[in-house]
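Below: one structure, written as structure tokens.
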Amino acid sequence: MLRSRVIGCGGYLPENTISNADLAKKIDTTDEWIIERSGIHQRHIAADGELTSDLAAAAARSALSDASIPSSEIDLLVLATSTPDNTFPATATKVQKMINMGSGLAFDVQAVCAGFICALSVADNFLQTGQAKTAMVIGSETYSRILDWNDRSTCVLFGDGAGAVLLRAQNNSNLSEDVGILSTCLHSDGDYYDALYVDGGVSTTQTSGYLRMQGKEVFRHAVEKLSTVAEEALCDAGLSIDQVDWLVPHQANRRIMDATARKLGLSDEKLVITVDKHANTSSASIPLALSVATSDGRIQAGDLVVLEAIGGGLVWGAGVVRW
Ligand code: UT7
């Protein structure tokens, strides 16, 4: 059976950072409130003219360097983003050109904060069915462009960034242990379309609009849905929570991550946290966290890693990966 094995990870964060104290000079908030409610200390913000495609291409190059392979070996590029450069074409096709991928297929996936898990699952299906051999899966966002910087309940929570994971189809029949993506599990519920949305769009206002969120409503769903879907993905892989080495959740809120880990019965040491430095980078948060935890040596070959995310839609999902 073909499995999608992770052969490289990369990330990119814009140079410019904004601290909570910087924000408190402009809006009615405090460093204490933001840290206590979300765990965020700072966020990175793209420079003028720095686009989602620029962030994505930088993360992709970093993943290629980590895997030590040339871009010409990629035959599938799936980019998760809800802040594309243009309405169309897919930002992925721009990135395809920027990294000199050449031939192959590139397209975008739009599932907001759950975008990376959805993109990973799509790429995994391509690789498992033999439709592609080497896939670049990217999450890249410039949320600073869709934030209402006068709305303190949302603008303090998000940041810009990109992360990328390179997958390669591998036949595991001669290995003693199954490695790669072992399962992915995805759900959505359009009843909550308005819980987290952007109040603009091509077909509605012909403007790009601003992010609006019923924070408490999203929070209420997050812990329950994330723990359930993680258990579901583990069950699909024939594994149990006590076998998990690392939980790499979407980095929206420290309280959600801690509560989910507690509900799953996982200790704090198994949780990868980057929300303090990156804030919520939507679809980029998981691949960025993976890039941090692989480059600092925490995630090692053979480790069992659970990924999980929830966001606008609502869409939520989880993936189980043997590194
Ligand atoms: O990535 C997609 C998934 N998104 C999420 O997972 C986000 C889920 N939601 C959350 O993380 C939390 O709901 C928030 C961090 C957004 C908010 O935390 P909360 O504990 O739910 O706070 P709240 O919205 O109930 O607000 C409490 C108080 C309010 O004041 P009153 O009405 O009690 O007087 C807000 O006006 O905090 C006030 N407030 C602020 N105060 C200082 C809201 N934003 C701020 C702020 N600074 N930035």
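The values are calculated or read from the model by the stated rules, or taken from the named source; none is laboratory data. Keep in mind it's a predicted model, so treat the numbers as computed, not measured. Heads up, the Cβs are rebuilt from the backbone with ideal geometry, glycines too, and the neighbour counts pull from every protein chain shown.
Across the range 278-293, what is the total count of residues that are part of a helix (DSSP H, G or I) and within 14 Å of the ligand (Cβ to nearest atom)?
Within the range 278-293, residues that are part of a helix (DSSP H, G or I) and within 14 Å of the ligand (Cβ to nearest atom) number 8.
Tell me, which strands (runs of 3 or more DSSP E) wholly within the range 123-232 include 1 or more residues that are more than 16 Å from the ligand (Cβ to nearest atom), out of contact with any Asp or Glu (no Cβ under 6 Å at 6 or more places or on another chain) and of a type in the set (Lys, Arg)?
Because the criterion is at least 1 residues that are more than 16 Å from the ligand (Cβ to nearest atom), out of contact with any Asp or Glu (no Cβ under 6 Å at 6 or more places or on another chain) and of a type in the set (Lys, Arg), the strands (runs of 3 or more DSSP E) in the range 123-232 that meet it are 160-171.
Whether any residue in the range 49-65 is assigned by TED's automatic domain parsing to the domain that holds residue 142 and touching a His at 6+ places or on another chain (Cβ under 9 Å) is what I want to check.
no
Going residue by residue through the range 260-270, is there one that turns out to be assigned to a helix (DSSP H, G or I), among the basic types (Lys, Arg), surrounded by fewer than 16 Cβ atoms within 10 Å (Cβ to Cβ) and modelled with pLDDT of 95 or more?
Yes, some residue in the range 260-270 is assigned to a helix (DSSP H, G or I), among the basic types (Lys, Arg), surrounded by fewer than 16 Cβ atoms within 10 Å (Cβ to Cβ) and modelled with pLDDT of 95 or more.
Cβ-Cβ distance below 7 Å, separation of 6 or more or different chains: which pairs start in the range 224-253 with a residue that is among the hydroxyl-bearing types (Ser, Thr, Tyr) and end on one that is more than 16 Å from the ligand (Cβ to nearest atom)?
Partner pairs satisfying both residue conditions: 227/264; 240/234.
Are there any pairs, at least 6 apart or on different chains, whose C-beta atoms fall under 9 Å, with the first in the range 18-40 and at positive phi and the second within 11 Å of the ligand (Cβ to nearest atom) and modelled with pLDDT of 95 or more, and if so, which?
Note: pairs meeting the criteria are 39/251; 39/253; 39/254; 39/255; 39/257; 39/275.
Looking only at the range 124-145, decide whether some residue is surrounded by fewer than 24 Cβ atoms within 10 Å (Cβ to Cβ), under 30 Å from residue 31 (Cα atoms), in contact with a Leu (Cβ under 9 Å, 6 or more places away or on another chain) and not hydroxyl-bearing (Ser, Thr, Tyr).
Checked the range 124-145: no residue is surrounded by fewer than 24 Cβ atoms within 10 Å (Cβ to Cβ), under 30 Å from residue 31 (Cα atoms), in contact with a Leu (Cβ under 9 Å, 6 or more places away or on another chain) and not hydroxyl-bearing (Ser, Thr, Tyr).
Name, by its number, the condition in (1) surrounded by 14 or more Cβ atoms within 10 Å (Cβ to Cβ); (2) under 22 Å from residue 38 (Cα atoms) that does not hold for residue 216.
The one condition residue 216 does not meet is (1).
Can you tell me how many residues within the range 88-128 are at pLDDT below 95 and out of contact with any helix residue (DSSP H, G or I) (no Cβ under 7 Å at 6 or more places or on another chain)?
Of the residues in that region, 1 qualify.
Consider residue 275 carefully, then state whether it is within 16 Å of the ligand (Cβ to nearest atom), closer than 16 Å to residue 14 by Cα and either among the aliphatic types (A, V, I, L, M) or assigned by TED's automatic domain parsing to the domain that holds residue 217 (or both).
Judged against the criteria, residue 275 is a match.
Which of (1) within 15 Å of the ligand (Cβ to nearest atom); (2) in contact with a strand residue (DSSP E or B) (Cβ under 8 Å, 6 or more places away or on another chain); (3) not in a helix (DSSP H, G or I) is the odd one out, the single condition residue 302 does not satisfy?
(1)
Quick one: which of 54, 22, 66 is modelled with pLDDT of 95 or more, part of a helix (DSSP H, G or I), farther than 26 Å from residue 212 by Cα and acidic (Asp, Glu)?
66
What residue, among those in the range 23-44 that are under 19 Å from residue 274 (Cα atoms) and of a type in the set (Val, Ile, Thr), is nearest to the ligand (Cβ to nearest atom)?
Among them, the one singled out is 34.
Of all residues being among the hydroxyl-bearing types (Ser, Thr, Tyr) and in contact (Cβ under 8 Å) with a residue 12 or more places away in the chain in the range 204-223, which is farthest from residue 157 (Cα to Cα)? Just the residue, please.
Looking at the filtered set, the residue picked out is 208.
Which members of the range 97-122 meet the condition of being more than 25 Å from residue 249 (Cβ to Cβ) and assigned to a loop (DSSP other than H, G, I, E, B)?
99, 100, 101, 102, 103, 104
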